[in-house]
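Structure record follows, encoded as structure tokens.
The values are calculated or read from the model by the stated rules, or taken from the named source; none is laboratory data. Computed from a prediction, not measured in an experiment: that's the story for all the values here. Neighbour counts run over all protein chains shown; Cβ positions are idealised from the backbone, glycine included. Heads up: the accessible areas ignore ligands, DNA and RNA and are worked out on the full protein's heavy atoms, side chains in. Shrake-Rupley method; radii C 1.70, N 1.55, O 1.52, S 1.80 Å.
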Amino acid sequence: MVEHGTAAKSETAVMRIRGGRQVSMKELQDHDRKGDCWLCVSGEVLDATAFVDKHPGGVMSIVLEAGRVCTAKFAEYHSSRAWELLQTHPDVKYIGNLSTDAEDGTADVEDSEPMPLELLGRLGGRRALRAIIRDFAGVVLADGELERPLFERVAADFDVWAAVDKEEAFLLHAMGQADFAKALHARYAGRVPELPSKLHARVRGALRQAVRGVCSSDDTIAEVMALAADLMGPASRPNPLDAMFKARAERVVVVGCGPVGHRLLHNLTQAGGRNLAITIFSAEQQPAYDRMMLTTYFGHRSRERLALTSEDMLCGSGVKLIYGEVASIDRPSKTVSFRAWGEPSSIQEVSYDVLVLATGSDCVVPPIPGYSPGLSGIFAYRTIEDVDGILRSASGGARTAAVVGGGLLGLEAAKALSDLSLETCILQRGPFLMDKQLDEQAASMLHAKVSAMGIAVHHSVSILEILHDRGALVGLRVQERGSEPRILTLDVLVFACGIRPRDQLARQCGLEIGSSGGVKIDRQLRSADPSIYAIGEVASVEGQFCDGLWQPGVEHADVLAQNLAGARNARIGDSDLSTKLKLLPFDVASFGASRAFWSQRQFEKQDNDGLLRVVHTDADKGTHCQLIFSCDGRRLLGGLLVGNASDYRRLHGLCLSGADVTDEGLLPKGECDAKRRRMGFRSGEHRQEETS
């Protein structure tokens with residue numbers, strides 16, 4: 001890498017500068033953040049704001065150069081070809097040329113020499129800082145060899161380290177390691193040259209991503225400022241750290257790193273505006289992944305393909321990720337206690353100004369005689385670890401499987417088990433499949449399609465007992481309505497029969513709970529404690545209902561992000577509960593204009609309810625379509641589609657919009673007028689019907 005950088009550096013001499021307006025050094029320095037990122041390379045000032053998230057070297061390495069002249073650093077790691085690509089990249093805008101007036105001080109800030117001493121050797125100062133920020137306690141030796149954690153290594157032998165320069169010592173201190181930072185400074189102060197004023201900008205950029213998320217108390221900030229004055233020394237201009245520490249960042253702690261928690265983080269880090277220091281807890285030992293597509297993991301078995309983010313991406317956005325379980329919330333002191341993964345006996349604390357519960361839900365496992373959590377062969381269907389366990393059982397000789405639950409998730413799980421060559425059946429407690437979303441006629445069509453895939457369907461089933469031998473599942477004793485109990489021999493049992501909000505933390509700290517569980521929230525996602533919010537499956541809107549679907553969680557995250565970013569008055573509306581089965585070889589969809597479509601089962605109403613219904617079933621093609629309209633035929637209230645949902649997007653959109661669908665050709669000609677006459681309407685009259 002050093003040789004490449006040297007060669008590239010010689011090529012910068014022939015880089016030509018395009019004509020354009022003159023940009024002063026002060027103007028360049030004013031554009032020094034992720035959301036307003038200007039760079040000066042080889043005399044050209046470029047607006048790289050839109051390019052930051054696409055930079056192959058990561059967000060951090062480009063943000064730390066924002067508002068600076070970085071010609072030498074660019075040349076050290078890039079060829080002239082990379083420079084040409086940067087100049088022509090569609091997301092990089094050419095602003096003009098940097099002014100060469102001596103009073104602008106360009107010579108003082110040109111990064112033409114490496115940092116005095118670097119933890120990462122020839123990898124560069126900012127990469128060293130990035131490693132510190134990412135790992136907090138891990139470094140490498142000057143030759144690039146990965147070593148043990150920083151404190152362990154230095155405690156063993158102080159002298160194995162090259163001198164740590166003042167800037168790095170300052171960063172370590174600001175990250176809460178004051179004693180160690182002072183020891184390093186005292187040990188090596190005599191060998192470290194005085195830092196030029198240009199390093200103030202370097203520290204400022206690094207601290208945007210690290211220190212604001214770590215310095216929490218006013219006392220800590222004051223201590224850091226005192227050390228900063230000692231380490232940095234007098235400068236030719238005001239220290240930019242002064243303004244940074246005057247307004248302490250608001251500490252936002254998010255418990256739950258699932259898709260909804262990730263959506264909130266994404267929105268907050270992209271919004272800008274308020275000074276937020278974000279910490280997120282992940283109960284799983286990996287960042288957020290796409291649970292909506294969990295069933296696809298059976299096929300590709302790649303965690304990377306499901307990943308929604310990564311540790312590096314979170315770090316680059318200034319987010320602190322902690323792997324561990326939050327044990328309790330102390331509302332008076334505004335702290336959460338947690339056990340980090342790998343340290344179960346150690347209780348640690350994190351303070352918050354705003355706490356967001358995004359803990360999601362657990363799979364419901366009914367109380368069944370013979371069940372115990374340690375039995376092998378029995379799985380929930382919620383996480384990658386669950387799927388990995390099922391795959392191990394399938395590869396270990398399992399031949400038969402059953403899925404408890406005939407809803408959306410149960411159907412996907414059954415298809416996945418069947419694809420693993422397991423003889424699979426579905427055990428549905430209700431009278432038919434997807435009984436919350438479909439009527440009996442649509443479910444009958446679905447039943448036939450599932451059976452044609454070789455998956456047996458048993459409905460109105462009670463599980464009387466789980467049978468096991470030497471800690472392993474061997475079968476179930478079940479009873480279908482109207483039949484005698486019988487034994488099913490099984491190797492694998494998967495529960496996908498509903499979810500329960502993970503509201504244990506809310507109960508522990510005394511928050512108000514909804515009527516069916518979950519944290520009671522208002523339309524701004526606030527709990528009974530104005531400092532605590534809840535989003536996703538754990539949120540009980542006005543204490544009435546928790547939604548176990550992806551789309552309501554997205555709306556929760558979007559609205560809360562707006563409020564935390566400064567809007568303060570954004571509110572959630574009525575969630576869209578429409579669903580479409582994605583991963584079976586045929587289509588199933590249920591869509592409605594409001595929650596009443598399902599809660600009042602409008603798709604099962606009879607002719608005297610004042611609604612128009614159009615039903616079309618084609619047994620040969622295996623399709624079923626039912627559309628429900630307002631009594632005047634002008635509004636589409638919802639519909640059920642089985643076998644063919646190619647028109648789902650259009651119908652769903654018309655349904656949600658409340659638009660007049662008279663001219664959409666959805667009702668047979670004359671059907672609406674005949675119904676209106678029976679209902680007592682006069683020609684041309686329009687009346688809003690009551691559906692409750």
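Converting phi to 3J(HN,Hα) with the Karplus coefficients 6.51, -1.76 and 1.60 and the offset θ = phi - 60°, the range 396-407 yields x, x, 5, 10, 10, 8, 9, 10, 8, x, x, x Hz in sequence order, with x at every glycine or proline. Under 5 Å from the amide H of V23 lie the amide H atoms of N97, L98, S99, each residue being 5 or more positions distant or on a separate chain, with H modelled from the backbone and absent for Pro and chain starts. Amide H to amide H, with H built 1.01 Å from N, L637 comes under 5 Å of I628, F629, S630, counting only residues 5 or more places away or on other chains. Take each peptide in 609-615, 33-39, 656-662, count the other Cβ atoms within 10 Å of every residue, and average; sorted highest first, the result is 33-39, 609-615, 656-662. Most tightly packed first, judged by the mean number of other beta-carbon atoms within 10 Å of their residues, the peptides 539-551, 479-491, 631-643 read 631-643, 539-551, 479-491.
Once the C-beta distance of E604 and A659 is scaled by a Förster radius of 41 Å, the resulting FRET efficiency is 0.95 to the nearest 0.05. Taking 0.36 nm per residue of separation and subtracting the Cα-Cα distance, full extension of the segment from N275 to Q544 would add 93.4 nm.
If the chain linking R481 and M453 were pulled fully straight, counting 0.36 nm for each residue of separation and taking away their Cα-Cα distance, it would gain 7.7 nm. Specify whether the C-alpha gyration tensor of the range 328-471 places it in the rounded, prolate or oblate class, a ≥ b ≥ c being the square roots of the eigenvalues: rounded for a/c under 1.5, otherwise prolate if a/b is larger than b/c and oblate if not. Since a/c reaches 1.5 and a/b is larger than b/c, the shape of the range 328-471 is classed as prolate. What's the FRET efficiency of L420 with R331 using the Cβ-Cβ distance as r and R₀ = 60 Å, to the nearest 0.05? Efficiency, from the Cβ-Cβ distance: 0.80. Residues whose amide H comes within less than 5 Å of that of G475, counting only those at least five positions distant or on another chain, are L467, L490 (H built at 1.01 Å from N in the peptide plane). The stretch between S516 and E250 holds 92.5 nm of extra length on full extension. This uses 0.36 nm per residue minus the Cα-Cα distance. Site pair L85 and D312 shows an inter-label distance of 1.5 nm when each label is modelled 7 Å from Cα along Cα→Cβ. Pairs with C-alpha atoms separated by more than 30 Å, drawn from the list K34/K73; K320/K415; K415/K621; K320/K520; K93/K582, are K320/K415; K93/K582.
Taken about its Cα centre, the range 440-511 carries a charge dipole of roughly 220 debye when the Cβ of each Lys and Arg holds +1 and the Cβ of each Asp and Glu holds -1. If you sort the three axes of the alpha carbon gyration tensor as a ≥ b ≥ c, you get a/c of 1.5 or more for the range 443-581 and a/b above b/c, which makes it prolate. A simple spin-label model places pseudo-atoms 7 Å from Cα toward Cβ; at R568 and S460 they are separated by 5.9 nm.
A simple spin-label model places pseudo-atoms 7 Å from Cα toward Cβ; at K621 and S345 they are separated by 6.8 nm.
Split the accessible area of the range 428-584 by element, probe 1.4 Å, and carbon with sulfur accounts for 44%.
Remark: the range 288-335 is approximated by an ellipsoid whose semi-axes, taken from the C-alpha gyration tensor as √(5λ), come to 30, 16, 8 Å, largest first.
Treating r as the C-beta distance of E385 and Y94 and R0 as 51 Å, the FRET efficiency rounds to 0.55.
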